[in-house]
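Asker: Next up is a structure, given as C-alpha cells.
The values are calculated or read from the model by the stated rules, or taken from the named source; none is laboratory data. Computed from a prediction, not measured in an experiment: that's the story for all the values here. Because the Cβ atoms are built from the backbone with ideal geometry, glycine has one as well, and the counts that use them run over all protein chains shown.
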Amino acid sequence: MLNQYPAWKYLLLIIVLGTSSLYALPNLYGNDPALQVSSTRNTAVDISTQEKMRELLTAADIPYKSILLANEQILVRFDDTEIQLRAKDAVKDGLGRGYVVALNLAPKTPDWLRAMNAAPMYLGLDLRGGVHFLMEVDVNAAVDQSEERYIGDFRGLLRENKIRFDKIGRYIGNEGDTAVEVRFRTTEARDNAQLLLDREYPDLLIDQEDRAGKFFMLARLDEKEKRETRKLALKQNITTLRNRVNELGVAEPVIQQQGDERIVVQLPGVQDTARAKEILGATATLEFRLTDETHDAEDAARTGRVPAGLKLYTQREGGHALLKNRVMLTGDYIIDASSGLDQQSGGAAVYITLDGKGASIFSKVTGDNVKKLMSVVFIEKKTETRIVDGEPVKTKRTLEEVINTARIQEQLSKRFQITGLDSTKEAHTLALLLRAGALAAPIEIVEERTIGPSLGADNIRQGFTSVIIGFVLVLVFMAVWYRGFGLVANLALAFNLVVIVAVLSMLQATLTLPGIAGIVLTVGMAVDANVLIFERIREELRNGISPQAAINSGYAKAFSTIADANITTLIAAVILFGFGTGPIKGFAITLSIGIITSMFTAILGTRAVINLIYGNRRVDKLSI
C-alpha cells in the first residue's frame, strides 16, 4: 500500500505557501518616520502644497528621503524620529492652520509589493504607544432634550389652534418615568388638545389624569422611540468626536462604539493627554445669516473697512462674504440633517429638521426674505495650550467660516432643504457638520490610559521573544521525540506562522499584545494534531502492520479527534470575539486564524511531505 497525493493537492500547497510568503513579506521591511499632511476642510492638498513643503524643508535644512502626493495627502519620509519632529514644527508653522500635520510611521514596503496590495499589519495602541479614552455618553440626557423640544412644539401648536392651557412642562414620576405634562382648566380643552396631538404626533403615548381639581395630559415617548433617540445620540457623538480627532493630526485613530452607552477613542502616537482632552471637548455650533449683495466682500477684506450692520467672514472654499449682523437662526434648533438629491433639479441637497421653536422663528424670518441669499456659518471654539517662556499658557480661539450660501426660494419652516451644493460629497459633509456641530449628549471620560512609545517598543520586543522561545522549544521537543517526522512537523509549524502573518496582513488587522498571546498559544497548539497523528502511527507500528499502512491509518484515525479538539477551541474563540471587548477580540481573532491554519498545515501539509519522502517506495522502518 503506497501513500500518494494527487497533483492538485501539491499545487494547492505551493500556491498557499507562495501567496502567504508574498503577503507576509512586507512585515520584514519595517517603517520610516514620516509626516502625513492633509487638509482640515474641503480644500484639496495639491501639487502647489507639495512644492511649498519642499521649500519649507529645504529652507530649514531638514533632509528627507521622499515626498509623495497621493489620495489628497502628502507623505514625507525621514531617516530618524529626531528629524521627523524638527520637520513637523517647520511644516506646521509654514503651512498654517488649514492643514493637519500628523506624525506617522510609513511602511518601507517596496513598490512591487505595494502594486499587489501587499502591506504590513497595523500595530495596536499597546505596541505603538498613544492615548486611550473610554467615554460614557449620557444617553438619557438625549431623551430629556427630546422631551424639552416637544414642550416647545406643543406650546406653539396649541396656541396656533387657540386651545387654552394653564401650564406646560416636564413631569417626573416617583419611579423616575418622565413625560411632557400639560395642565388644562377644562376637560373640553384637554380633549381637543389630545385629538390634535394624536393627529400630529401619532408615535407618542398620550394619557389623561385628574389631580386636585385640575385636568392633566401626559405625553410620553414609547420605548422604541427612546431606544432610537439613545442610539442616534451615540452615533452623532461618534461622528462629532471623529471630526474633532482630525484636528489632532492622528494618522490612524480608532473611534468605535462599545456597548450601548460608551465610546472608545484610541489615538496612536499621541502622548499629550491634555491636548487630546481639549480637542475632544471643543464646542461647535451653526448660525444662519442673510448675505449682503450690495457691497464687495473682497474689497472690504482688502481695505479692512466693513460697512455698518455687516460682518466679514472667510468662506471655506476661498474668498470672503459680507453677512448681516442679525442672526436668523442658530444650530441649536436643528434636530436632524441628512443628505440626498433634490427632486426637481436632481442636484445635491441637505434636508434639515428643526424643533418647534426653531421652526416658528425660521418660518417668520425666511418668509420676510424670500429670494435673498442666506449663508450657513460654522463656528468652533477651541482652547489651545502653547508654551510661552517655558510655561504652558491656555488661549481660546474661535473659528468662524461660511460653509454654504444658497438663495431662499420660499418660506421655510420645520423641514427644509439647502441646495446649490457642488456635489453629493459636499452635501454629505455639510449634513455631518449640521448633525455633528455639537455633541448630542454629554460625555464623561471614565477611563484614560497613556502608553509611551518606549513601552510599545518593549511590548513588541517581549512579544516577539515569547513567540521565538515557544517556537524553538516546540521545535526541539518535536525533533527529539519524533525524529524525522518531528522535523516535518516543525516545517509545517513554520509554514503555519507564515500563513497566520499573511492572513493578518491581507485582512489589514490590527496586531495587539493579546493578539501576540494568541499567536504564542497557537504555536503550542499547532503541533497537537501532529502529536495525535504520530502517536497513532507508533501504535499501529507496535501492532505489527506495515509502515505504509501505519501512515495511512494514523492520519485517517486521528482526524476525528483532531477535528473535535480544534472545533471546540474555535467555538470558544468565537464566543470570546462575540462577547469580549477590544483586547479580548484581538486574542480571539489570532487564535481563530491560528486554529484554522494549523489544521490545514498539520494535516494536509505534513501528509504531503511524508508522502514525498515515503510514499513512492517500500520502507521497512520509519524515523518516528
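Asker: Residue by residue through region 78-123, note down the ones that are assigned to a strand (DSSP E or B) and among the hydroxyl-bearing types (S, T, Y). First the steps, then the outcome.
Answerer: At the first step, the residues of region 78-123 found to be assigned to a strand (DSSP E or B) are 99-107, 122-123.
Those that are assigned to a strand (DSSP E or B) and among the hydroxyl-bearing types (S, T, Y): Y99, Y122.
Asker: If the Cβ limit is 8 Å and pairs must be 6+ apart or interchain, which residue in region 532-561 that is closer than 14 Å to G615 by Cβ pairs with which residue that is surrounded by fewer than 16 Cβ atoms within 10 Å (Cβ to Cβ) and not charged (D, E, K, R)?
Answerer: Between residues of region 532-561 that are closer than 14 Å to G615 by Cβ and residues that are surrounded by fewer than 16 Cβ atoms within 10 Å (Cβ to Cβ) and not charged (D, E, K, R), the close pairs are S546/M1; P547/V619; Q548/M1; Q548/L2; Q548/V619; A549/M1; N552/M1.
Asker: Considering region 480-517 alone, what residues qualify as being more than 14 Å from V16 (Cα to Cα), touching a residue at least 12 places away in the same chain (Cβ under 8 Å) and surrounded by fewer than 18 Cβ atoms within 10 Å (Cβ to Cβ)?
Answerer: R483, G484, L491, Q508, A509
Asker: It is to be established whether one or more residues within region 422-441 are in contact with a strand residue (DSSP E or B) (Cβ under 9 Å, 6 or more places away or on another chain), farther than 30 Å from A349 by Cβ, modelled with pLDDT under 70 and not in a helix (DSSP H, G or I).
Answerer: Scanning region 422-441, I find no residue that is in contact with a strand residue (DSSP E or B) (Cβ under 9 Å, 6 or more places away or on another chain), farther than 30 Å from A349 by Cβ, modelled with pLDDT under 70 and not in a helix (DSSP H, G or I), so the answer is no.
Asker: Test T366 against the stated conditions and say whether it is among the β-branched types (V, I, T) and either crowded, with 19+ Cβ neighbours inside 10 Å or modelled with pLDDT under 80 (or both).
Answerer: Yes: the conditions hold for T366.
Asker: Using the structure shown, decide if E51 is at positive phi and either surrounded by fewer than 17 Cβ atoms within 10 Å (Cβ to Cβ) or modelled with pLDDT of 80 or more (or both).
Answerer: So E51 fails the test.
Asker: Sticking with this one: Under the condition of being over 22 Å from E209 (Cβ atoms) and part of a helix (DSSP H, G or I), which residue from region 153-191 is modelled with the lowest pLDDT?
Answerer: Result: G156.
Asker: Still on this structure, I have one more. Just give me the residues in region 342-362 being touching a residue at least 40 places away in the same chain (Cβ under 8 Å) and assigned to a loop (DSSP other than H, G, I, E, B), in sequence order.
Answerer: Of everything in region 342-362, those that are touching a residue at least 40 places away in the same chain (Cβ under 8 Å) and assigned to a loop (DSSP other than H, G, I, E, B) turn out to be D342, S345, G347, D355.
Asker: Right, T285: modelled with pLDDT under 80, surrounded by 13 or more Cβ atoms within 10 Å (Cβ to Cβ) and among the polar types (S, T, N, Q) or not? Spell out the reasoning first.
Answerer: On the way: modelled with pLDDT under 80: yes; surrounded by 13 or more Cβ atoms within 10 Å (Cβ to Cβ): yes; among the polar types (S, T, N, Q): yes.
So T285 fits the description; yes.
Asker: Something else now. For region 83-116, name all the residues that are closer than 30 Å to L22 by Cα and of a type in the set (K, R).
Answerer: Matches in region 83-116: K108, R114.
Asker: Can you name the condition, by its number, that A556 falls short on among (1) of a type outside the set (D, E); (2) within 30 Å of L127 (Cβ to Cβ); (3) exposed (fewer than 15 other Cβ atoms within 10 Å of the Cβ)?
Answerer: For A556, the failing item is (2).
Asker: While we're on this one: Could you tell me which residue of region 206-262 is nearest to Q145 (Cα to Cα), considering only residues that are part of a helix (DSSP H, G or I), of a type in the set (A, V, I, L, M) and modelled with pLDDT of 80 or more?
Answerer: A233
Asker: Specify which of the listed residues (G340, G319, G309, G304) is surrounded by fewer than 18 Cβ atoms within 10 Å (Cβ to Cβ), in the same structural domain as A431 (by TED's automatic domain parsing), under 30 Å from K235 (Cβ atoms) and out of contact with any Leu (no Cβ under 7 Å at 6 or more places or on another chain). I'd like the intermediate steps shown before the answer.
Answerer: Details: G319 fails: under 30 Å from K235 (Cβ atoms); G309 fails: under 30 Å from K235 (Cβ atoms); G304 fails: under 30 Å from K235 (Cβ atoms).
After applying the criteria, what remains is G340.
Asker: Any idea how many residues of region 123-149 are surrounded by fewer than 19 Cβ atoms within 10 Å (Cβ to Cβ) and within 29 Å of L69 (Cβ to Cβ)?
Answerer: Total satisfying the criteria: 0.
Asker: Another question, if that's okay. Across region 562-592, what is the number of residues that are part of a helix (DSSP H, G or I), within 23 Å of the chain's Cα centre (by Cα) and touching a residue at least 60 places away in the same chain (Cβ under 8 Å)?
Answerer: Of the residues in region 562-592, 8 are part of a helix (DSSP H, G or I), within 23 Å of the chain's Cα centre (by Cα) and touching a residue at least 60 places away in the same chain (Cβ under 8 Å).
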